[in-house]
Each structure stands twice: as C-alpha cells, then as structure tokens.
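Below: the structure, in structure tokens.
The values are calculated or read from the model by the stated rules, or taken from the named source; none is laboratory data. Given the structure is predicted, the values throughout are model-derived calculations rather than measurements. Cβ placement follows ideal geometry from the backbone for every residue including glycine, while neighbour counts extend to all protein chains displayed.
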Amino acid sequence: MNPGGMLYNILSLGVPFSVALLLASLGEMFNQRAGVFNLGCEGIMCMGAFLAFLPPYFIKTGALAPYGNLIGFAVAIAAGVLLGLLFALVTVTFRADQGIAGIGLQLFGWGLSGTLFRHYVGGVTGVEGLAAWALPGLSRIPFLGGILFNHNPMVYFTFLMVPASWYLLYRTPWGLKVRAVGTAPRAADSMGINVNRVRYQALMLGGAMAGLGGAYLSLCQARMFADDLVAGRGFIAVALVYFGGWSPVGILGGALLFSFAQSLQLAIQVGGIKFPYEFAVMLPYVLVILVLSLARKSRLRGPSQLGIPFNREMRY
Amino acid sequence: MNKFKIAYSGCVILLAALAAAAAGAIVLKAVGASPIATYVTIFTGPTQDLFGLTEILVRAVPLILVALGIAISFRSGIINIGAEGQMLMGILAATATALALPNLAHGLLLPLVLLAGALGGALWAGIAGILKARLGVNEILSTVMLNYIAAQFYTYLLRGPMIDPAELETGSGTPQSMRLPHAAWLGRLIPGTRLHSGLLLALVLAFGVYLLLWRTTWGFRLRAAGAEAKAARYAGISVPRSLVAAMLFSGGFAGLAGAVELTGVHHRAIENISSGYGFTGIVVALFGALHPAGIVPAAVFFGLLLVGADMTQRTAGVPANMILVLQGVIILAIVSAKMYLNNAYAQEKALKWFRRLKAGPSPDPLKPGGRP
C-alpha cells in the first residue's frame, strides 16, 4: 500500500474510533468539574451498550422497526441518567469514597449487562447499526472529505458536542455553577448555589453521555454486543479527562490520540508486520499509563475539590 | 450510649445488607429466577456435604490473602484495584520458578515458588506505587490499566512461550503451562477434597498482618500516612515511601494468593485461574472492615457466596455474572453505610430522633449522649 493511502486509512478509521471515548470523556469532564470522580463510567458504558443493542435486536418488524436505533440511543441515555443518579445518591448524598464506589458501579454495570445479555440474547449476534451518511458536498473534498465527512451521524453529533460542551461549561450560568462547586463549594454554597443539586445534575449529564458512548460502541462501532465490548474504555475516558486538562479541546486531542493509535496498530497488522495480537490489545492501556505520567502538571489546573464530598454542616 | 451505638451500627449494616439483597432480587427476577429460591440455594446449597464445605474454604483462601493485601493498601491511603493483575503476575513468576527448578526438594522448592509469586505480584503493584509516589498518577486508573495489561501478557505467555509442549504435540492447543513438579504442590488437608494447606498459611498471615499494622511502628507509620497524609508528613513520616511500601505489600499478598491457588488447586497455569478473586477480594476487605479479624469471616462468607452462585448457575441457570452484580451492589451499599457508621454527628441525630420517639415531643438537650 502506498503511504498516502495508508495515512488516509489510518485517519479515516481513527475518527469514528474516537467517538465513544470522546462522549464518555466529555461527560466525565462535567462530573469532575463538579468535583465528583466517577469511575463507574465504565459500568454505565456497559449498560448503555447493552440496552441500546436491545431495541434494534428485538424490533425487527412492525411500525417501530425503522426507529430501532433511535429507541436504542434513547434507552441508553435514560439508563445513563439513572445510573448517574444512583452514583450521585451514593457519593453526594451518602458522601461515600468516590474511587471505591466507582469500582462498585463498574462491577454492577458490567455484571448486570453480562447477566441480562446471557439471559435475553445468549450468543453474539449482530445488528444492522447506523449507516454512514456522507455529508453532501463536504464529503467530496479530496482527502479530507473522506476522513471527516463520510461517517455515521453520531460522529458529527459527537464532534459538535465538543464546542457545545465548551459553551455549556464556560459561557452559561450552569457551567459557572459546575466549575464553582468543583473548586470552591463553600463559596458557592454561601452564594446560594445548591452544591449537591449541581453535582446531581452534572452526574446525570455525565451518565447520559457515558450511556450514549456505550450505545455508540454497540450500534455503530462493533454492531453487536459482547460482555467485554467496552473493555476498559470507560477507564480510558476518565484518564483522558486528566490528560485533557479538564477542557473539552484537550479531551478532543486525547481521544484522537488514542483512536489514531488504535487505527495505526490495525494498519500495521493489516500491513503484514507481525507481532503478537495480545501486545496490540495492550497498547491503549500502556498508553494510558504513559499519558497519565506525562500529564502530571495538568493536575494543577484541575478542580481542587475533586473527590472530596461536600458536607454543608461541617466547619473546618 | 454504648448499647445504642451497637444497635445503631447493627441497624445500618442490616439496612445496607437488605438494600443489596433487594437489588440482587430485582436482577434475579429480571432473569426469570425466583429470588428467594435462588438465595436459599446460594446460602444452603454448599453447606450440605463435606465437599461443599471444603470448597467454601478453598475459595476463601485466595480471598483472605487478596483482601489482606487490599486492607494494607486501603489503610495506607492508596487504593489498589489491581489485585487481579498482580495475581496473574504472581502465578507467572511462580510457574516459571517451579518449572525452572524441577529437581529441588519439596521443602525448598515450595517456599521458593510461593516467594516468587509474592515477588511477581509485588513488583507489578510497585509500578503503580512508584508512579503514584513520584508522578502523582492516580493509582486506581493505573492499577486498572495494569490489570488489562497483565491479562493480555498472561494469555500471550500461555498461548506462546509457556504453553505445555504436550498441547502442541496433540494439537489441542489449550492455553496452559506444563504441570508443576510434585515438589511444588501444597499438601491436601482432607484427602478427597481440594482443601489445601494454603488455608493455614492464610490464617497465619492474617495474624501477621494484624501484628504488622497494629503492633509495629512501621505499621503505625503506614496507617498514619493513610489516615492523614499532611499530619504524617509533619511527624516526619515519608509519605511517598510509605505509599510504595504499602503497594509492594499489597501486591505481594495478591501475588501470593495467585501462587497458592496455583500450587494448591490447579498445579498448572491455566486461563481464568484468578476467576475474579482480585475484585471479590476488594469486597471482602471492605466487608471485613479492613481488619484481619473481619476479613477471615468475610472471606468465608464470600466463599460461600461464590460456591453457591456456581450451584445456581448449574441448577437454576442464573448466569455467573450475577455474582459481579451482587458484588457491585454490596460495595455501593457498604461505602454508603460507612458515612452513617463512622459519623458521630449522624449517630447523635439518630439518637435524638430515637429519644423523641420514646419520650414524646420535648427532648432534653442537656441529657448525656451528646457530642463525643
């Protein structure tokens, strides 16, 4: 294969790969900006992926059949909101240790999606998923058109979510509240902001986005569901928030870095350079550790109350 | 007040347990099983015969060891989620040692193999410890990532360099290592069952961890660094060093759990050998209040749960993933209950409420039982 063609393949494959990470990571950014560290992201993605898969799998005929995918996305969002609420109940109301609670939510989501999958579906089955929709005109641009504008609609939606998240976080009153309760909850409280309510809202939004990210995996990327479909992407999404310095643009960069690494590794394998399959699978996880080690300075820009529950009745 | 405190703690724990059981029941209902019948099978099925009883202990052994390690790390302020990967690395190190020295005597080889296992786990955990101490890398994320990496590395070795040559000859290609020499096997405690002497080792080590954490200066330093890092630093304790030490110990216990499972039960490295003990160990440690005296009974309880869950999978067709759901719910319930257990203020509120309930509408605020 000529180098130009290979580059084209890597880039055009990498862009859709980034979507699930990007969605979950943007959602996690809102959680962390509000001061809550949600490691349960992985579990929410598992549930989102599984529940989104069900409607198109079961509704194959009838009036609702054309809307199977749409219902799937809606169900995934709803499940994400519910799990976000559950996590909020545990970490905001009960002020539990967020790291451990996150692992609990991860085990819960992962186990529940696997249990229900084995009972209701059984084996690995594919769904049709979302078809690519080439943007008229734009997709004709040589080289760039195919890389950026020839994907399924979720890809465009997700990339629009980056500026939308930026706007929401930095240009709306709610975004200001989120940032306030993550850095100075006591001050926010004295200004009449209900800290816990804002944290609940942020966790619900984050849950919805993680659920949607999971749905993207089963409906658009893999077009099937399996127990280990999510495979740590929820944790990678959390790591990307650190790497991206808690800003939407940084997170976009991190998600693209990961997805291009993944498509590069695929291209190398297809290109005939042999190395053990297991090492290829390992690559993103090694990359996370490297990235976290390098991102140490960005911690200073992070929300200072990250991981610390707010207790209105406590005086320090 | 004290009687009230005990009743209060009991109520909170009972409520948390009920919440977890109710959530589990809903999921059981969703997969078409009868919740009550399933719970009855889980809790009574394994206790019917000697084999079931010993199986509970067989599961409890790795759980005790893993949970001890996790208790050390949690007490020292570093959250080790990577026991699963550390177990695998311990198993690899132990297998390699046993296969490299097949002619050593039993009394020499077995300790060496167990030590290698502990070392393998400790080194793997040490990566996360050093990253945390030196670069401030979040240890939860790094240990989770190290889990995934270890799992891949493990399958790579079992499918490639470490595969049993017999598997290649017969062409079946099951990814497993050669059988360990007999000199590296742990003895069986009761003939005809799988109960092995690793149980005694686990119990001795549980006592050892108690001594280490609560009866030595060194353990005090670890706990001080975990309880309040800033205060520990002012007292002259090197917090980074204590983090790394805690992580090494924690991983060592997980690696040892792997080596014990290897030499006591399977006698060769196989796929899925850790079977989720790394995660269940976290639940056991939390359930046992991060104290050896609590961990041992908690491990037996979860051993029962694991054996029972296996039985329901066979008899009632409830998928085995169900146990993950239960564990997740139990973790959420425990960490939620903690706020009410350790919080004097919440206790006082409950006490006032209780008094008002008993004595009618006007409680006397000057009565004893106030803020401690």
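Would a scan of the stretch A:262-272 turn up a residue that is more than 10 Å from chain B (Cβ to nearest Cβ) and closer than 23 Å to A:Ser113 by Cβ? I'd like the intermediate steps shown before the answer.
Step one: filter the stretch A:262-272 for residues more than 10 Å from chain B (Cβ to nearest Cβ), giving A:262-272.
Okay, now just the ones that are also closer than 23 Å to A:Ser113 by Cβ, so A:262.
Yes, some residue in the stretch A:262-272 is more than 10 Å from chain B (Cβ to nearest Cβ) and closer than 23 Å to A:Ser113 by Cβ.
Quick one: is A:Gly214 more than 14 Å from chain B (Cβ to nearest Cβ), in contact with a Lys or Arg (Cβ under 9 Å, 6 or more places away or on another chain) and part of a loop (DSSP other than H, G, I, E, B)?
On the way: more than 14 Å from chain B (Cβ to nearest Cβ): yes; in contact with a Lys or Arg (Cβ under 9 Å, 6 or more places away or on another chain): yes; part of a loop (DSSP other than H, G, I, E, B): no.
So A:Gly214 fails the test.
Can you tell me which of A:Gly114, A:Gly122 is in a loop (DSSP other than H, G, I, E, B), within 13 Å of another protein chain (Cβ to nearest Cβ) and more than 30 Å from B:Ala346 (Cβ to Cβ)?
On the way: A:Gly114 fails: in a loop (DSSP other than H, G, I, E, B).
Only one candidate passes the filter, namely A:Gly122.
Quick one: which of A:Ala180, A:Ala222 is surrounded by 18 or more Cβ atoms within 10 Å (Cβ to Cβ) and either within 23 Å of A:Gly109 (Cβ to Cβ) or at pLDDT below 90 (or both)?
Result: A:Ala222 is the single residue among A:Ala180, A:Ala222 that is surrounded by 18 or more Cβ atoms within 10 Å (Cβ to Cβ) and either within 23 Å of A:Gly109 (Cβ to Cβ) or at pLDDT below 90 (or both).
Which one of these is outside the structural domain of B:Ile13 (by TED's automatic domain parsing), surrounded by fewer than 23 Cβ atoms within 10 Å (Cβ to Cβ) and of a type in the set (A, V, I, L, M, F, W, C): B:Phe253, B:Phe207, B:Phe279, B:Phe249? Let's see the steps before the verdict.
Numbers: B:Phe253 fails: surrounded by fewer than 23 Cβ atoms within 10 Å (Cβ to Cβ); B:Phe279 fails: surrounded by fewer than 23 Cβ atoms within 10 Å (Cβ to Cβ); B:Phe249 fails: surrounded by fewer than 23 Cβ atoms within 10 Å (Cβ to Cβ).
Answer to the check: B:Phe207.
Test B:Ala23 against the stated conditions and say whether it is of a type in the set (Gly, Ala, Ser), in the same structural domain as B:Leu351 (by TED's automatic domain parsing) and buried (at least 21 other Cβ atoms within 10 Å of the Cβ). Let's see the steps before the verdict.
Working: of a type in the set (Gly, Ala, Ser): yes; in the same structural domain as B:Leu351 (by TED's automatic domain parsing): yes; buried (at least 21 other Cβ atoms within 10 Å of the Cβ): no.
No: the conditions fail for B:Ala23.
For the stretch A:90-111, what are the residues that are assigned to a helix (DSSP H, G or I), within 7 Å of chain B (Cβ to nearest Cβ) and of a type in the set (A, V, I, L, M, F, W, C)?
If the condition is that a residue be assigned to a helix (DSSP H, G or I), within 7 Å of chain B (Cβ to nearest Cβ) and of a type in the set (A, V, I, L, M, F, W, C), then A:Val90, A:Ile100, A:Ala101, A:Ile103, A:Leu105, A:Leu107, A:Phe108, A:Trp110 are the ones that fit.
Taking the condition of being part of a helix (DSSP H, G or I) and surrounded by 17 or more Cβ atoms within 10 Å (Cβ to Cβ), how many residues in the stretch B:89-108 meet it?
Quick first cut of the stretch B:89-108, residues part of a helix (DSSP H, G or I) only: B:89-100, B:106-108.
Remaining after also requiring surrounded by 17 or more Cβ atoms within 10 Å (Cβ to Cβ): B:89-99.
Residues meeting the conditions: 11.
Within the stretch A:95-117, does at least one residue satisfy the condition of being surrounded by fewer than 24 Cβ atoms within 10 Å (Cβ to Cβ) and within 15 Å of the chain's Cα centre (by Cα)?
Checked the stretch A:95-117: no residue is surrounded by fewer than 24 Cβ atoms within 10 Å (Cβ to Cβ) and within 15 Å of the chain's Cα centre (by Cα).
Give the residues of the stretch A:174-185 that are touching a residue at least 24 places away in the same chain (Cβ under 8 Å) and part of a helix (DSSP H, G or I), sorted by residue number.
A:Trp174, A:Val178, A:Arg179, A:Val181, A:Gly182, A:Thr183, A:Pro185
For A:Ser293, are the conditions met, namely being surrounded by fewer than 19 Cβ atoms within 10 Å (Cβ to Cβ), of a type in the set (Ser, Thr, Tyr) and over 30 Å from A:Arg118 (Cβ atoms)? Break it down stepwise before answering.
Working: surrounded by fewer than 19 Cβ atoms within 10 Å (Cβ to Cβ): yes; of a type in the set (Ser, Thr, Tyr): yes; over 30 Å from A:Arg118 (Cβ atoms): yes.
Yes, satisfied.
Table: residues versus (1) closer than 23 Å to B:Val66 by Cα; (2) hydroxyl-bearing (Ser, Thr, Tyr); (3) facing another protein chain (nearest Cβ under 10 Å).
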position: B:Ala133; (1), (2), (3): yes, no, no
position: B:Asn147; (1), (2), (3): yes, no, yes
position: B:Asp164; (1), (2), (3): no, no, no
position: B:Leu168; (1), (2), (3): no, no, no
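Given the condition facing another protein chain (nearest Cβ under 10 Å) and surrounded by fewer than 24 Cβ atoms within 10 Å (Cβ to Cβ), answer yes or no: does some residue in the stretch B:109-126 qualify?
Taking the stretch B:109-126 and keeping what is facing another protein chain (nearest Cβ under 10 Å), we get none.
No, the stretch B:109-126 contains no residue that is facing another protein chain (nearest Cβ under 10 Å) and surrounded by fewer than 24 Cβ atoms within 10 Å (Cβ to Cβ).
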